[in-house]
Amino acid sequence: MSRDRAIAGAARYFDEGGYRADLDRRIGFRTESQAADRAPLAAYLEQEIGPTLARLGFALHVVPNPAAPDAPALIARRQEGDGLPGVLCYGHGDVVLGEPAQWRSGLDPWRITVEGDRWYGRGTADNKGQHSINIAAIEQVMAARGGRLGFNMAFLVETSEEIGSPGLDAICAAHRDLLAADVLIASDGPRLDRARPMIALGTRGVINFDLALALREGSHHSGNWGGLLPNPGTIIANAVAALVDARGAIRVPRLRPPAIPDSVRRALAGIPIERDAEGETLAEGWGEPGLSPAERVFGWNALEVLAFTTGNPAAPLNAIPPAARAHCQLRFVVGTDVSDLPGTISRHLEAQGIHGIVVTESGTPMMATRLDPDDPWARWAAASIAATVGTAPMVLPNVGGSLPNEVFTDTLGLATIWVPHSYGGCRQHGPDEHLLAPIAREGLQIMTGLFWDLGESGIPKT
């Protein structure tokens, strides 16, 4: 039994085609949670993932989703002994719509097509390819350790993530015993740098909200009434300007986070962000002054205007519009008080002399989560990955986007470590989604090393 043997087994499984065959079979399940026909969702759990985990000694529990009855979840548990560390692994089996007509000629979203290092197919990056890596790593550890993991493990696979994970919190609350663990180790999303492994310890939260003002019925001629009647578009524009300045800095004191902790600053110091997703150099001076780009997106809050309508933008009239609306979004980090976001914004606008704006939340908010980079679990995971690949991983206190991570941190009370196996150019959610073979191969080795180390060292000590 050896760590090196387990990691070598993971590489061999990839090189000999085992991973590609397993993933190709899973991509063939058309698990579109946004589609009218959701029958493949249960089939994926019952015919594919369930039997795979059962073969590894997991007891299976397909549980109904109280918020989406045709999108069940699978909880698989392997209990090796009392007093052992416990790990919860998570993945989602659903994908966004395949939309085959939009894919490049020669590509099929429902099978893997290999072109160089790119493996095309819906779900290769999000998320079948990623949870398939983690399942395979479990198998490699067990093979090298004589059929044991050395810890207790639960694996949760939901099928409604692409529609916002409705019911996930209720499922976890109702099945705490099956999901009992010390830490979540899961994989989703991209690395920041395709060439360097990464761990993320949480997520920024997100709340969408609307600013609306309706002053009258119908439009009024701007020549006859301009300068006499209040213009709701002008008032909403000033309301936005009262919330966020012309350089993107937040003006509402209560929506600004506490000072960035020293441990977070240290973790972000070595993370350069110099270009946007299209390779363009970042704009100078945008966002909160005095922060690095990494601190702005991972350690601070952002208030964005996503849409703004007044009148008819497609065919403007020479008239004062009767109403206006701005659809806005707050991305926020741990420590921000969002308990009454509409009230906070309304009181701030009133104090600025802007009256009558109706502020309403829209959609389902996700709360901010963060494990301190100095936490023993974070240090343990970073050390394990460095031992496997010879390079220290990037450590993000939280990603800039959002996941339902508060279900794991708050409802289940777990430390959370996310190890992504994709990259920023994977085109998830769009045509030509793909996985990069070198990242997948390295991910198999990383996860095998992590699971091996947990079985050796147990819960990391403070």
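The values are calculated or read from the model by the stated rules, or taken from the named source; none is laboratory data. Values in this document were obtained by computation on a predicted structure and should not be read as measured data. Glycine gets a Cβ as well: all are built from the backbone with ideal geometry, and neighbour counts include every protein chain shown. For accessibility, only protein heavy atoms count, side chains too; no ligands or nucleic acids. Shrake-Rupley method; radii C 1.70, N 1.55, O 1.52, S 1.80 Å.
Given the options Arg247, Arg194, Arg176, Arg216, name the one that is among the basic types (Lys, Arg) and in contact with a strand residue (DSSP E or B) (Cβ under 6 Å, 6 or more places away or on another chain). Every option except Arg194 fails the conditions. Number of residues in the stretch 114-159 that are over 29 Å from Gln79 (Cα atoms) and within 18 Å of the chain's Cα centre (by Cα): the value is 4.
Consider the stretch 418-442 and keep the residues that are of a type in the set (Gly, Ala, Ser) and not in a strand (DSSP E or B). The one that is farthest from Glu406 (Cα to Cα) is Ala437.
If the condition is being out of contact with any Phe, Trp or Tyr (no Cβ under 9 Å at 6 or more places or on another chain), assigned to a loop (DSSP other than H, G, I, E, B) and basic (Lys, Arg), then the stretch 212-257 contributes Arg216, Arg251.
None of Ala392, Ala383 is in a helix (DSSP H, G or I), without any contact (Cβ under 8 Å) to a residue 60 or more places away in the chain and of a type in the set (A, V, I, L, M, F, W, C) except Ala383.
In the set (1) open to solvent by less than 10 Å² (accessible area, probe 1.4 Å); (2) in contact with a strand residue (DSSP E or B) (Cβ under 8 Å, 6 or more places away or on another chain); (3) not polar (S, T, N, Q), His61 fails one condition alone, (1). The lone criterion from (1) closer than 30 Å to Ile446 by Cα; (2) surrounded by 15 or more Cβ atoms within 10 Å (Cβ to Cβ) left unmet by Leu243 is number (1).
A search for C-beta distances below 6 Å between a residue of the stretch 11-33 that is open to solvent by 50 Å² or more (accessible area, probe 1.4 Å) and any residue that is at pLDDT 95 or above and not hydrophobic (A, V, I, L, M, F, W, C), counting only pairs 6+ apart in sequence or on different chains, returns Arg30/Pro40.
Select from the stretch 273-325 the residues that are in a loop (DSSP other than H, G, I, E, B), surrounded by 17 or more Cβ atoms within 10 Å (Cβ to Cβ) and aromatic (Phe, Trp, Tyr) and list them in ascending order. Of everything in the stretch 273-325, just one residue is in a loop (DSSP other than H, G, I, E, B), surrounded by 17 or more Cβ atoms within 10 Å (Cβ to Cβ) and aromatic (Phe, Trp, Tyr), namely Trp300. I'd like to check something: does the stretch 367-374 contain any residue that is touching a strand residue (DSSP E or B) at 6+ places or on another chain (Cβ under 9 Å), among the hydrophobic types (A, V, I, L, M, F, W, C), open to solvent by 40 Å² or more (accessible area, probe 1.4 Å) and in a loop (DSSP other than H, G, I, E, B)? So far as the stretch 367-374 goes, yes, one or more of its residues are touching a strand residue (DSSP E or B) at 6+ places or on another chain (Cβ under 9 Å), among the hydrophobic types (A, V, I, L, M, F, W, C), open to solvent by 40 Å² or more (accessible area, probe 1.4 Å) and in a loop (DSSP other than H, G, I, E, B). Among all residue pairs at least 6 apart or on different chains, which show Cβ distances below 7 Å where the first residue, located in the stretch 409-426, is touching a residue at least 40 places away in the same chain (Cβ under 8 Å) and under 18 Å from Leu450 (Cα atoms) and the second is open to solvent by 10 Å² or more (accessible area, probe 1.4 Å) and part of a helix (DSSP H, G or I)? Pairs found: Ala415/Trp377; Thr416/Thr409; Ile417/Trp377.
Table: residues versus (1) open to solvent by less than 10 Å² (accessible area, probe 1.4 Å); (2) at pLDDT 95 or above.
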site: Gly413; (1), (2): no, yes
site: Val419; (1), (2): yes, yes
site: Gly425; (1), (2): no, no
site: Asp432; (1), (2): no, yes
site: Arg441; (1), (2): no, yes
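Considered as a group, the residues in the stretch 35-50 that are of a type in the set (D, E, K, R) and over 18 Å from Pro100 (Cα atoms) include one that is most open to solvent (accessible area, probe 1.4 Å), and that residue is Glu46.
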